[in-house]
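I have placed the structure first, in the form of structure tokens, so that the comments after it can refer back to it.
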Amino acid sequence: MSTVFRRAGIFLYRFPGLRLALLLAPPLAWMVVVYLLALAFLFLTAFWRQDPVTSAIIQAWGFQNFQALWAVDVYRTIALRTAGMALAVTVTDVILAIPIAYYAARIASPRVRTFLLLSMVLPLWSSYLVRVYAWRVILSSDGLLNWSLHKLHLGSVNLGFSNWSLWIVFCYLWLPYVLLPIFAALQRIPNSLIEASTDLGARWFTTLRRVILPVALPGIVAGSIFAFSLTLGDYIAPNLVGDTEFIGNVIYQSVGIANNIPFAAAYAIVPAVIVAIYLLVARQLKAFEAL
Amino acid sequence: MSVRQRVIEPRSVQLGMRVVTLLVLLFLYVPLLVIFVYAFNPERSQAWPLPGLSTRWFVATWNNLEVRSALVTSLKAGLGATSIALLLGSLAAFAIHRFRFFGREAISFFLILPLALPGIVTGMALNSAINIGGQVIGLSFSLWTIIIGHATFCVVVVYNNVIARLRRTSGSLVEASMDLGADGWQTFRFVILPNISTALLAGGLLAFALSFDEIIVTNFTSGSEITLPKWIFNNLRLPNQRPVVNVVASVVILASFIPVYIAQRLTQEQPVRAAEQAETEPALQAVAAS
């Protein structure tokens with residue numbers, strides 16, 4: 001047995017190209033066959049149509065799905081609303097994330113830093129669905145939020161379920177994704193850079209504005225990719241705490257209720273294209289190196 | 001990192017940031033706490049404050065056959081996806097770490113793509129593929145399609161953990177092993193594998209946590225199979241099922257906290273380089289989780 005391994009090892013040692021091929025082929029084949037092929041099929045399906053009478057899928061080429069997306073007001077409004085929400089959530093999360101990431105990276109003691117890091121990582125990996133559900137419970141009219149507001153004599157705001165509550169929930173969901181790359185970027189800034197700025201007479205705010213934030217920008221953009229992309233493609237949160245339609249809902253309903261898969265495929269290409277544009281801009285800002 | 005950095009922030013700024021940090025931590029954790037408290041709600045109503053505390057719904061959940069079968073499906077899907085991800089992710093990490101070749105930089109970007117694109121795009125793409133696959137090769141929605149979908153975005157989690165460890169593992173270790181007469185297999189078995197074992201374990205745990213909780217893609221690839229998150233999603237609107245949903249939800253949260261906590265500890269085990277690791281690891285994990 002071991003001689004077989006030994007011989008195979010020697011053989012492979014002579015041919016590094018073969019070694020590389022053997023290592024790379026399985027993961028690459030998987031990704032191409034499962035993922036790229038699936039994306040190709042998505043693109044293909046988007047040009048098919050559904051028979052309005054039998055609701056069977058007709059495999060004939062045509063642009064009718066994209067024409068519908070463009071011509072029907074509702075779909076344009078929904079796409080714009082989704083993109084607007086994604087932008088609002090991204091900006092809010094970045095504003096919330098910078099102070100806490102800054103505190104964790106540059107002010108907190110090593111022990112507090114470790115604790116904060118764990119506190120950021122845990123929600124990121126914990127059940128996304130349960131985190132939405134928790135807000136559904138909190139925001140409901142007889143829930144914790146209204147009870148607290150009542151106790152504080154602030155009256156009741158009927159937040160749930162609206163675009164406002166959705167905005168809060170999205171910010172909540174993606175905050176850890178924004179926090180971690182910004183934290184990493186801030187921590188990577190060499191002390192000498194900041195000390196040089198201080199020694200040259202800059203006050204803290206000047207150093208922040210002219211040194212720290214520009215150097216951390218790739219990390220900030222990297223974090224913003226997640227908030228933007230994840231909001232754009234979400235259908236669970238609008239479904240559970242919102243009251244209007246978003247791109248995700250329309251796609252989900254087209255598949256689940258109407259069974260109009262060609263139309264859903266066409267609409268799914270919209271967020272894919274928006275994110276692709278965002279990623280291209282992010283690459284210009286060197287965000288990928290901060291990922 | 002051992003040198004204490006000079007503090008340049010004014011006291012007021014430090015205080016302000018401390019307050020914001022505290023508020024954000026509350027914002028992150030209060031909702032999770034609320035769900036835990038609700039799991040002990042004796043009533044079916046969701047009104048706050050609770051009329052009392054009781055463990056009766058834990059018993060009801062344990063005896064709920066639907067929940068049990070959903071749990072089994074989720075465990076199977078998680079184990080299947082994690083196994084595939086461990087194999088493919090570490091192969092890719094070895095290839096990228098060991099060799100320089102054309103298109104090398106593109107591969108890690110390609111691996112992240114299933115997580116970086118909105119979940120609904122990945123979900124719809126797999127859904128279209130399964131539908132077409134059904135006509136061509138008789139593919140149908142099943143546990144296998146769930147596993148295939150999950151594995152596709154779990155690969156990058158394992159890949160990131162393994163490659164981060166390989167980059168930190170000194171090349172001289174491998175050279176020393178070869179100089180002492182070990183062949184390639186022995187070097188792998190006795191030098192490289194022990195070095196990356198905790199990274200593999202951490203990557204596997206995170207991949208499992210990711211798969212166990214996944215709902216966005218799962219809804220598009222599972223057909224009539226019910227996973228635990230899917231069961232929650234289908235039942236959380238039904239007033240009758242609320243108490244059981246609350247219990248399942250808090251158990252799911254705990255079930256993800258434990259592996260993630262262990263994974264975090266595993267990737268920061270060597271105290272000597274703890275500071276350096278704390279810098280590199282989280283960003284990579286953040287990417288993997290997108």
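The values are calculated or read from the model by the stated rules, or taken from the named source; none is laboratory data. All values reported here derive from a predicted model rather than from experimental measurement. Quick reminder, even Gly has a Cβ in these numbers, built from the backbone with ideal geometry, and neighbours come from all protein chains shown. For the accessible areas, the whole protein counts, side chains as well, though only heavy atoms, and no ligand, DNA or RNA atoms are used. Shrake-Rupley method; radii C 1.70, N 1.55, O 1.52, S 1.80 Å.
The residue of segment A:272-291 that is nearest to B:Ile120 (Cα to Cα), among those that are modelled with pLDDT of 80 or more and open to solvent by less than 40 Å² (accessible area, probe 1.4 Å), is A:Ala272. Annotation note: Cβ proximity below 6 Å between a residue of segment B:209-235 that is more than 13 Å from B:Leu71 (Cα to Cα) and a residue that is assigned to a loop (DSSP other than H, G, I, E, B) and open to solvent by 10 Å² or more (accessible area, probe 1.4 Å) (sequence gap 6+ or interchain) occurs for B:Gly223/B:Phe141.
Exactly one residue among A:Val74, A:Val89, A:Val53 is away from chain B (no Cβ under 12 Å) and not in a helix (DSSP H, G or I), and that residue is A:Val53. Which residues, counting only those in segment A:57-71, are in a loop (DSSP other than H, G, I, E, B) and open to solvent by less than 50 Å² (accessible area, probe 1.4 Å)? Across segment A:57-71, the qualifying residues are A:Ala60, A:Gly62. Looking at the structure I just gave you, is A:Leu180 over 27 Å from B:Leu236 (Cα atoms), touching a Leu at 6+ places or on another chain (Cβ under 8 Å) and either of a type in the set (Lys, Arg) or within 10 Å of chain B (Cβ to nearest Cβ) (or both)? Considered against the rule, which asks whether it is over 27 Å from B:Leu236 (Cα atoms), touching a Leu at 6+ places or on another chain (Cβ under 8 Å) and either of a type in the set (Lys, Arg) or within 10 Å of chain B (Cβ to nearest Cβ) (or both), A:Leu180 comes out as yes. The set of residues in segment A:23-50 being more than 9 Å from chain B (Cβ to nearest Cβ) and surrounded by 17 or more Cβ atoms within 10 Å (Cβ to Cβ) consists of A:Phe47, A:Trp48, A:Arg49, A:Gln50. Would you mind stating whether B:Glu43 is in contact with a Phe, Trp or Tyr (Cβ under 7 Å, 6 or more places away or on another chain), away from chain A (no Cβ under 11 Å) and either at pLDDT 95 or above or open to solvent by 20 Å² or more (accessible area, probe 1.4 Å) (or both)? It is false that B:Glu43 is in contact with a Phe, Trp or Tyr (Cβ under 7 Å, 6 or more places away or on another chain), away from chain A (no Cβ under 11 Å) and either at pLDDT 95 or above or open to solvent by 20 Å² or more (accessible area, probe 1.4 Å) (or both). Residues in segment A:272-291 that are without any contact (Cβ under 8 Å) to a residue 40 or more places away in the chain and of a type outside the set (A, V, I, L, M, F, W, C): A:Arg283, A:Gln284.
A search for C-beta distances below 8 Å between a residue of segment B:69-95 that is of a type in the set (A, V, I, L, M) and any residue that is not in a helix (DSSP H, G or I), counting only pairs 6+ apart in sequence or on different chains, returns B:Ala70/B:Ile226; B:Ala70/B:Thr227; B:Ala77/B:Thr227.
A:Val121 falls short of the stated requirement of being more than 13 Å from chain B (Cβ to nearest Cβ) and either surrounded by fewer than 21 Cβ atoms within 10 Å (Cβ to Cβ) or in a helix (DSSP H, G or I) (or both). State which residue is modelled with the highest pLDDT when the search covers only segment A:127-153 and only residues that are more than 9 Å from every other protein chain (Cβ to nearest Cβ) and touching a helix residue (DSSP H, G or I) at 6+ places or on another chain (Cβ under 6 Å). Here the answer is A:Val132. The test for being assigned to a helix (DSSP H, G or I), within 10 Å of chain B (Cβ to nearest Cβ) and within 20 Å of the chain's Cα centre (by Cα) does not hold for A:Val281. Filtering segment A:239-248 to residues that are open to solvent by 10 Å² or more (accessible area, probe 1.4 Å) and touching a helix residue (DSSP H, G or I) at 6+ places or on another chain (Cβ under 7 Å) leaves A:Asn239, A:Gly242, A:Thr244, A:Glu245. Within segment B:100-115, identify whether any single residue is within 10 Å of chain A (Cβ to nearest Cβ), without any contact (Cβ under 8 Å) to a residue 12 or more places away in the chain and buried (at least 16 other Cβ atoms within 10 Å of the Cβ), and answer yes or no. Yes; the residues of segment B:100-115 include at least one that is within 10 Å of chain A (Cβ to nearest Cβ), without any contact (Cβ under 8 Å) to a residue 12 or more places away in the chain and buried (at least 16 other Cβ atoms within 10 Å of the Cβ). For segment A:250-271, residues that are assigned to a helix (DSSP H, G or I), open to solvent by 20 Å² or more (accessible area, probe 1.4 Å) and either free of Cβ contacts under 8 Å to residues at least 60 places away in the same chain or within 17 Å of B:Ser222 (Cα to Cα) (or both) total 4. If you take the residues in segment A:220-238 that are facing chain B (nearest Cβ under 8 Å) and farther than 15 Å from A:Leu175 by Cβ, which one is surrounded by the most Cβ atoms within 10 Å (Cβ to Cβ)? Here the residue is A:Leu232. List the helices (runs of 4 or more DSSP H) inside segment B:142-219, counting only whole elements, that have at least 2 residues being crowded, with 24+ Cβ neighbours inside 10 Å. Counting at least 2 such residues, we get B:143-168, B:193-213. Take the residues in segment A:1-20 that are among the hydrophobic types (A, V, I, L, M, F, W, C) and open to solvent by 50 Å² or more (accessible area, probe 1.4 Å); name whichever of them is nearest to the other protein chains (Cβ to nearest Cβ). If we take residues in segment A:1-20 being among the hydrophobic types (A, V, I, L, M, F, W, C) and open to solvent by 50 Å² or more (accessible area, probe 1.4 Å), then A:Phe5 is nearest to the other protein chains (Cβ to nearest Cβ).
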